[in-house]
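Asker: Mind having a look at this structure? Questions to follow.
The values are calculated or read from the model by the stated rules, or taken from the named source; none is laboratory data. Keep in mind the model is a prediction, meaning the values are calculated, not measured. Note that we place each Cβ from the backbone using ideal geometry, even for glycine, and neighbour counts take in every protein chain shown.
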Amino acid sequence: DDGVVIKIEKIDTYLVDLPTIRPHILSMTTISRQTLAVVEIHCDDGSMGIGEGTTIGGLAYGPESPEGIKLAIDTYFAPLLIGCDADRPAAAMALLDRHIVGNHFAKNAIETALLDALGRRLGLSLSMLLGGQVRDSVPVLWTLASGDTGRDIDEAAEMVARRRHNAFKLKIGKRPVAEDVAHVAAIKRALGDAVSIRVDINQAWDEPTAREGIARLADAGADLVEQPVPAWNRGAMRRLTAEARIPIMADEALRGPADGFDFAAQAAAHIFSIKPAQAGGLFAAGKLAAIAGAAGVAVYGGTMLEAGIGTAAAAHLCATLPRLEWGTELFGPLLLTEEILTAPLAYHDFALDIPDAPGLGIHLDPDKIARFRRDRTRSAPL
Ligand code: MUC
Ligand code: MG
């Protein structure tokens with residue numbers, strides 16, 4: 001040890017607005033673009049790392065927005081982090097946790113950037129820093145959310161033919177249960193048994209609606225139901241999990257290891273959606289997965305529809321998990337019209353390859369960033 005400490009010198013944040021390939025309809029909002037809060041951490045040895053904080057529909061999904069993530073990092077995170085030892089991401093995260101409540105998406109973006117910088121300095125990939133890969137690629141499903149049954153069937157058939165996806169998640173909960181179930185049943189009938197159909201309600205149902213809806217979805221051939229009731233309603237999740245004929249997945253309800261522990265103790269879900277942003281970081285998400293493993297709960301690699309940075313980070317984590325029973329939905333970059341990486345993430349044979357260059361193993365395309373970066377003086381409405 002030569003005694004030289006590498007310090008965090010500067011943190012840059014900026015917003016990037018990227019259009020989606022089609023409107024993406026969820027129970028609580030419809031998105032036609034994604035906004036990324038990109039974080040760059042620069043260290044005093046010249047090394048740097050990047051992270052991403054992306055939400056769905058501004059504040060429609062959860063308590064953080066891209067604009068808020070940028071504000072929180074610029075105003076509150078950066079002053080705490082400047083001067084910290086860049087080789088100690090865990091110490092930096094502990095400092096943040098002592099002084100900043102919540103703000104999990106922002107914390108995850110920062111931790112990702114710290115690990116990316118550390119990995120680049122050491123010549124190790126993020127998955128190596130997280131313990132090493134158990135698999136070289138992860139299965140990736142696609143979300144059908146055009147709002148039109150026929151269009152969804154065509155979209156899915158094309159994905160299967162191209163060997164890009166063979167599992168699909170349907171976003172429902174916006175329309176009456178009978179209509180939603182008819183939509184799911186029609187898609188399942190058209191695609192057949194070789195294809196897995198799952199649904200995400202995004203908290204839209206109350207308990208009696210969920211009870212009826214889940215039974216009808218089981219009859220329609222759906223393989224799992226994600227977050228049918230509001231995140232706060234653990235009692236309903238426990239009762240529905242005990243009764244359901246198909247597995248129930250918790251998503252929005254899991255904001256880190258403590259929620260996971262309580263869910264596991266109450267047997268309130270069969271599957272946990274593991275999302276680094278929602279958990280408050282990659283290590284927190286790994287702990288959530290470990291709790292699932294200890295409790296016999298299955299895991300799934302969830303997404304906040306991040307672009308290439310957040311998607312690569314989550315893929316590295318998912319590659320290290322001993323069990324990944326339900327695969328992942330790490331397709332975010334494929335929903336966007338623009339590629340912001342110099343080399344896109346590689347999707348083929350129903351899976352995503354884990355990048356193996358140091359850190360996240362990705363690089364931002366400066367021209368694309370310059371083109372889609374939000375003008376700092378203009379406020380762009382959703
Ligand atoms: C969610 O709730 O899981 C994931 C896929 C998708 O289309 O939306 C997200 C968020
Ligand atoms: Mg979900």
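Asker: Starting from residues that are surrounded by 20 or more Cβ atoms within 10 Å (Cβ to Cβ) and in contact with a helix residue (DSSP H, G or I) (Cβ under 7 Å, 6 or more places away or on another chain), keep the ones in segment 234-254 and report whichever is farthest from TYR61 (Cα to Cα).
Answerer: Applying the filter and picking the extreme gives LEU240.
Asker: Please work out which residue is nearest to HIS42 (Cα to Cα), limiting yourself to segment 53-107 and to residues that are of a type in the set (Ser, Thr, Tyr) and within 14 Å of the chain's Cα centre (by Cα).
Answerer: So the residue we want is THR54.
Asker: If a residue has to be within 18 Å of PHE283 (Cα to Cα) and away from ligand 1 (no atom under 16 Å from the Cβ) to count, how many in segment 218-259 make the cut?
Answerer: Total meeting the criteria: 3.
Asker: Count, please, the residues in segment 299-310 that happen to be over 10 Å from the mean Cα position of the chain (by Cα) and within 11 Å of ligand 1 (Cβ to nearest atom).
Answerer: Here the count works out to 1.
Asker: Taking TRP326 and the conditions (1) within 24 Å of LEU170 (Cβ to Cβ); (2) over 18 Å from the mean Cα position of the chain (by Cα); (3) among the aromatic types (Phe, Trp, Tyr), which numbered condition does it fall short on, given that it satisfies the others?
Answerer: If we test TRP326 against (1) within 24 Å of LEU170 (Cβ to Cβ); (2) over 18 Å from the mean Cα position of the chain (by Cα); (3) among the aromatic types (Phe, Trp, Tyr), just (2) comes out false.
Here is a yes/no grid of residues against (1) of a type in the set (S, T, N, Q); (2) modelled with pLDDT of 95 or more; (3) within 16 Å of ligand 2 (Cβ to nearest atom):
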site	(1), (2), (3)
GLN203	yes, yes, yes
GLY213	no, yes, yes
GLY221	no, yes, no
GLU226	no, yes, yes
ALA242	no, yes, no
GLU252	no, yes, yes
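Asker: Would you please name the residue that is surrounded by the fewest Cβ atoms within 10 Å (Cβ to Cβ), looking only at residues in segment 283-297 that are free of Cβ contacts under 8 Å to residues at least 60 places away in the same chain and closer than 12 Å to GLY131 by Cβ?
Answerer: Ranking the candidates gives ALA290 first.
Asker: Just name the residue that is surrounded by the fewest Cβ atoms within 10 Å (Cβ to Cβ) out of those in segment 272-282 that are touching a residue at least 60 places away in the same chain (Cβ under 8 Å) and within 16 Å of ligand 2 (Cβ to nearest atom).
Answerer: So, considering only residues that are touching a residue at least 60 places away in the same chain (Cβ under 8 Å) and within 16 Å of ligand 2 (Cβ to nearest atom), the one surrounded by the fewest Cβ atoms within 10 Å (Cβ to Cβ) is GLN278.
Asker: What residue, of LEU96, LEU59, is under 24 Å from GLN227 (Cα atoms), assigned by TED's automatic domain parsing to the domain that holds ILE31, at pLDDT 95 or above and surrounded by 14 or more Cβ atoms within 10 Å (Cβ to Cβ)?
Answerer: LEU59
Asker: Only residues that are more than 12 Å from ligand 1 (Cβ to nearest atom), within 17 Å of HIS24 (Cβ to Cβ) and assigned to a loop (DSSP other than H, G, I, E, B): list them for segment 130-163, please.
Answerer: Answer for segment 130-163, where residues must be more than 12 Å from ligand 1 (Cβ to nearest atom), within 17 Å of HIS24 (Cβ to Cβ) and assigned to a loop (DSSP other than H, G, I, E, B): GLY147, ASP148.
Asker: Within the group LEU321, LEU335, which residue is among the aliphatic types (A, V, I, L, M) and either within 16 Å of ligand 2 (Cβ to nearest atom) or at pLDDT below 95 (or both)?
Answerer: From the options LEU321, LEU335, the qualifying one is LEU335.
Asker: State yes or no: is ALA313 surrounded by 24 or more Cβ atoms within 10 Å (Cβ to Cβ), in the same structural domain as HIS348 (by TED's automatic domain parsing), aliphatic (A, V, I, L, M) and more than 16 Å from ligand 1 (Cβ to nearest atom)?
Answerer: No; evaluated as a whole, the condition is false for this residue.
Asker: While we're here: Checking the structure you have, find out if any residue of segment 192-213 is more than 16 Å from ligand 1 (Cβ to nearest atom), assigned by TED's automatic domain parsing to the domain that holds TRP142, crowded, with 24+ Cβ neighbours inside 10 Å and touching a residue at least 12 places away in the same chain (Cβ under 8 Å).
Answerer: Checked against the condition, which is being more than 16 Å from ligand 1 (Cβ to nearest atom), assigned by TED's automatic domain parsing to the domain that holds TRP142, crowded, with 24+ Cβ neighbours inside 10 Å and touching a residue at least 12 places away in the same chain (Cβ under 8 Å), segment 192-213 yields at least one hit.
Asker: I need a count of the residues in segment 255-271 that are within 15 Å of ligand 2 (Cβ to nearest atom), buried (at least 23 other Cβ atoms within 10 Å of the Cβ) and in a helix (DSSP H, G or I).
Answerer: So the count comes out to 1.
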